[in-house]
Structures are given as C-alpha cells and as structure tokens.
1. Note the angle between two axes, namely the Cα long axis of helix 117-126 and the longest principal axis of the Cα atoms of the chain, as a number of degrees from 0 to 90, rounded to the nearest 10.
2. Rounded, prolate or oblate for the stretch 317-384? Axes are the square roots of the Cα gyration tensor eigenvalues, ordered a ≥ b ≥ c, and the cut-off for rounded is a/c under 1.5.
3. If R₀ is 25 angstrom, what is the calculated FRET efficiency for the pair PHE9 and GLU125, using the beta carbon separation as r and rounding to 0.05?
4. Find how many whole Å separate the alpha carbon centroid of the stretch 210-271 from the alpha carbon centroid of the stretch 307-384.
5. Cα axis of helix 203-221 to longest principal axis of the chain: angle in degrees, 0 to 90, nearest 10?
6. With the other protein chains left in place, how much accessible area per residue, in square angstrom, belongs to the chain at a 1.4 angstrom probe?
7. Would you kindly state the longest site-free stretch of the chain, with sites defined as GluC sites (Glu not before Pro) in a DSSP loop (not H, G, I, E, B) surrounded by at most 14 other Cβ atoms within 10 Å?
8. In deg cm²/dmol, rounded to 500, what helix-only [θ] at 222 nm does the chain give when every DSSP H run of at least 4 residues adds -39500 (n - 2.57) and the total is split over its residues?
Amino acid sequence: MRLDYLTIFPDYLAPLRLSLPGKAIDSGLLDIRVHDLRDWTHDRHRTVDDTPYGGGAGMVMKPEPFGEAFDALEVQPGDTIVFTTPSGERFDQRVAEELASSKRLVFACGRYEGIDQRVLDHAREIAEVRELSLGDYVLNGGEVAALAITEAVVRLLPGFMGNAASLVEESHAEHGLLEYPVYTKPRTWQERAVPEVLLSGDHARIAAWRATESRRRTAQRRPDLLHPSVLDDGTPIQRATPADAGELLTLQRACWVAEQLANPDVRVPALHESLADVRSWLGEWETYLVRRADRLVGMVRARLDGDAWDIGRLAVAPDLQGEGLGRRLLAHIEAVAPAAATSYVLFTGAGSERNQRMYRKAGYRLRRDLPGPEGAIVLSKRRR
Ligand code: 6GU
C-alpha cells in the first residue's frame, strides 16, 4: 500500500517509521512518503493559509498548494484522499476495513479552521474522498489523526501481522462488543484475586463468563454499540436504559393484571414488583423494548445462565396482543443471545394457554426436568 501525507509539520509524522514494523516497509508492503505542503508554495513566506471570506476568527488553508500537490503526486481515480478534520465522518473499525482495501491513501492533514472547500470539491473529481474525524473533541491539527488512522488500517493488511491477529480481528468485528477484562499471573496481586472461573479450566464456563462481562461492559460504557434492531414493519427494538424503568413497570403490571383477570387461577409471582426492583434487574438483564407513537408497547429481557439464554418478561400491551409482536420480540431476544448460549429457556404460567401455544409454535418444548417457580412451567429450545 502506498501512503502519502500532506502536512505543514512533516516531523509530526516521523513516528510512522516507529509504529509500523520496519519489515513491512523493507519488504515493500508499505511505501510511505511524507510531504511538506509548503513545497508547493511560491512566495517568500511559503504561505499556506489566509483569512476567511465572509469574516470570522482564524485562518483557512489555501487551495493552491493542495491542488499542486495532488498534481505532483499524480493522484488518480482509485486512490483515496483522506482529509482529517473534526467535522468529518467518525472513523471506526468499519472505515478502517474499507480503507485497507485501497491501493493508495493520500492523507491531507488540516490545520487552522479548515481547508478551502474547493480543495475537497476538486479532490472528489480526481479520487475517492473520505473526510474523517477521530471523535468528538478538537485537536490542533489532523496529523495525530492521520497517524491513528494509518495504524488502524495498516494492521489489517494481509501479511502485516500474520493470520492469527486477523482472525481475532474478525471475531471482534463480528460480535461488535467491548473486550472482557483480562488477567495474568500472579493469581493474587495486592490482595486482589483473579476471578475463580478463569482458573477453573472449564472452557464453557469461561466462555460464558467472558460473554457476560463483554455485554456488561458494553451496556455500561457503550450502549450505542448494542444497536437497536428493527422489526419487519420497521419499528425499532431498542435497548432499555434505567430511564425506562417506570414505563417497563407500568407495562408489565398492565399485562399481568390483564392475565390475572382473564385467568384467575394463574399466579403472577412478580406482580408486586416495585420500581426499585425493576431498576435493579435492569442492571443484570439485557432488556429490549418497542415503542409505537412514543408509547412503550412491548418488552423482553434475557441473561446468560451457564450455557442457557434465560428469557423472561416477554410482554405486549394488552390492546396489541395477537398482532405477532410477542413472536417478533421473542425472535429478537433469541437472535441477540451471546455465542456461549446453546439453548433458550423460559417459563410461563401453567394456566396461560395462549402463551404456551405461542411458545410451542416458536419451537419451545416442555421441560419437566427443569425447576421453575410454583404455578409455572419451564420451556426450552435448542439454539440452531
Ligand atoms: Cl481528524 N482533526 C482535528 N483537528 N481534530 C480532531 C480530529 C481530526 N478528530 C478528532 N478531533
């Protein structure tokens, strides 16, 4: 891959030779060229910026040096010009993968208030263009961003790190979650012990623990990664947050009261659950909800119990039951089960004919061998 950098601070990019294995450069896998943008100026002061038309604070990078640089570097269709700017699209692993398939990346590192818009318009006519930002904060210039993007892209190139790393990469991209916590020797350090499960040698338990920790971390730190998915009619299924506790309590009560009235013999053990109870279980259960016209109309939750994905609280607003929303919520919670789950387990009231029929249709079978709450039956289904 050929990498060009246009910058007014070429020294800033010197670490490229440190952070990329010299091997990759020596073997010709990478061809790295750092250019001083001022080489394409013609005045005594080698001016690269000027005041903005329309007024305002700061300086704008002039178009001519960039234009001449693109010509001199023979930028052509098929190349990708990357403009690093805080107003760009957010750079992430998916973008890194896209850039990794390019033959050549030309980084144009912005400084000051930005680059004259005509440079970007022109660039789009001669090559692929990506305007990329590292995140929602402001750096003094795009050089550090160009370094970060380069490192993320180059390690994806075949032959750069060897196959093992690329396989790990794939599985990470696949589950889209944050990594679980890791530990190494010693077993106890400053009176802190390594979690017992990691010493157990029980690979299934270890995998289940790691999957749970990954999800817990992601839910806590990056709930945005647990993307809302969409029902076939386009209604989004969203992750529940603590702010949803009140509405969840109201919905489950409405459903249980309706159930109780229709079926006086069915006992609903959690009918007296409080708001505090809902808040507390929300922290432990992966919970999804559906809204229609701003109203909470459906919910479901699950958590990993050994290698079983323990599903519960499947509830649909009483006036919307029979539309298939419950079936779709069930399909969703099954689909988001972590890799460690080999079966789905749930229980329902022993007298709830309708629920039982729905679960049977969805492939669940009665499990007399599994314990459940009094007055309930346990159902399970193998994961395919
Ligand atoms: Cl790419 N450039 C600048 N100047 N600031 C940034 C950035 C880029 N990404 C985040 N902040």
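1. 90
2. oblate
3. Efficiency computed from Cβ-Cβ geometry: 0.35.
4. 14
5. With both axes taken from Cα atoms, the answer is about 70 degrees.
6. 56
7. Within the chain, the longest run free of exposed GluC sites (Glu not before Pro) spans 192-283.
8. When only DSSP H runs of four or more count, the value is -10000 deg cm²/dmol.
The values are calculated or read from the model by the stated rules, or taken from the named source; none is laboratory data. As the structure is a prediction and not an experimental result, all values here were calculated from the model. When we count neighbours, we look across all protein chains shown, and the Cβ atoms used for this are built from the backbone with ideal geometry, even at glycine. Just so you know, the surface numbers come from the protein's heavy atoms only, side chains and all, with ligands and any DNA or RNA stripped out. Shrake-Rupley method; radii C 1.70, N 1.55, O 1.52, S 1.80 Å.
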